[in-house]
Amino acid sequence: MSHYILSYYFIGYLLVYILPHFPLDFLMYMKKKSIKYPNPQFRNFLVGFFFVIPSISFWICISIFPFFSLFQDLNLFTINYINFDYAFIFQVIGFIILSFGLVIGCLGRIGRGLYISRDQPELGTAWGHRIVRHPSYLHYITGFIGLPLVTLNVFYLLFLLGIPAYISVSLTEDKALEEYFGEEFINYKKKVGLLFPKIRKK
């Protein structure tokens, strides 16, 4: 698959991501001083390292590399490109995973922005939080999985090291939310999965 196609896809990915995030992030920043929400810490240095570094690297890849590709004709996506039969299928799967995570992440940000803008802390259970308890973390995990697939670049498999850190932080945050919201969060947890949608029984 041409690196130009990848570049245009990731530029679109960024635009879709920014659309709900920028205004809601500004709103949350304005409310940050007046409302206190649970803010769990990393369990240890390694969790923090593998949470932060892959995240920053991921955004560098999809926000800077496309412009090198389009304006400098420099392919930074597929430096170590693997060519094999049915490779296109892996790339299509990667696009699906990335797009799914992007949609869930944006829905999660909308939900979080709406409830954090209120005068009292509330447990967010709408929009993306109706699908999974941590839609933003799911967004990163799908990014770490999808990027190596769409680029077929073995170097990007290093992003997978960030997945255990995101799972760890999700569990830590769950504990903080349960202590803060109590029974309300326990009931919510029974209905909605941590990072994977639950199949709801009728």
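The values are calculated or read from the model by the stated rules, or taken from the named source; none is laboratory data. For clarity, every value in this text was computed on a predicted model and none was experimentally measured. For neighbour counting, all protein chains shown are included, and Cβ atoms are generated from backbone atoms with ideal geometry for every residue, glycine included.
I need a count of the residues in the range 77-115 that are assigned to a loop (DSSP other than H, G, I, E, B), free of Cβ contacts under 8 Å to residues at least 40 places away in the same chain and on the phi < 0 side of the Ramachandran plot.
2
Out of all the residues in the range 188-197, is one or more more than 26 Å from I62 (Cβ to Cβ), modelled with pLDDT of 90 or more, touching a Phe, Trp or Tyr at 6+ places or on another chain (Cβ under 9 Å) and surrounded by fewer than 21 Cβ atoms within 10 Å (Cβ to Cβ)?
yes
Among L177, L123, which is the only one that is outside any helix (DSSP H, G or I) and touching a helix residue (DSSP H, G or I) at 6+ places or on another chain (Cβ under 7 Å)?
Result of the check over L177, L123: L123.
Are any of the residues in the range 83-93 at pLDDT 70 or above, closer than 16 Å to C61 by Cβ, of a type in the set (F, W, Y) and touching a helix residue (DSSP H, G or I) at 6+ places or on another chain (Cβ under 9 Å)?
Within the range 83-93, not a single residue is at pLDDT 70 or above, closer than 16 Å to C61 by Cβ, of a type in the set (F, W, Y) and touching a helix residue (DSSP H, G or I) at 6+ places or on another chain (Cβ under 9 Å).
Surrounded by fewer than 17 Cβ atoms within 10 Å (Cβ to Cβ), more than 15 Å from the chain's Cα centre (by Cα) and over 30 Å from L6 (Cα atoms): is that true of L158 in this structure?
No, not satisfied.
Residues of the range 126-139 being under 19 Å from S63 (Cβ atoms) and surrounded by fewer than 23 Cβ atoms within 10 Å (Cβ to Cβ), which ones?
Within the range 126-139, S136 is the sole residue that qualifies.
Keeping to the range 38-82, report how many residues are within 20 Å of the chain's Cα centre (by Cα) and modelled with pLDDT under 85.
Residues meeting the conditions: 6.
Would it be correct to say that Y166 is over 29 Å from G94 (Cβ atoms) and of a type in the set (S, T, Y)?
No: the conditions fail for Y166.
Contact list please: Cβ distance under 7 Å, first residue in the range 116-134 and within 18 Å of G182 (Cα to Cα), second residue at pLDDT 75 or above and polar (S, T, N, Q), pairs at least six apart or on different chains.
H134/S170
Confirm whether P164 is part of a loop (DSSP other than H, G, I, E, B) and either among the polar types (S, T, N, Q) or touching a residue at least 40 places away in the same chain (Cβ under 8 Å) (or both).
The answer is no for P164.
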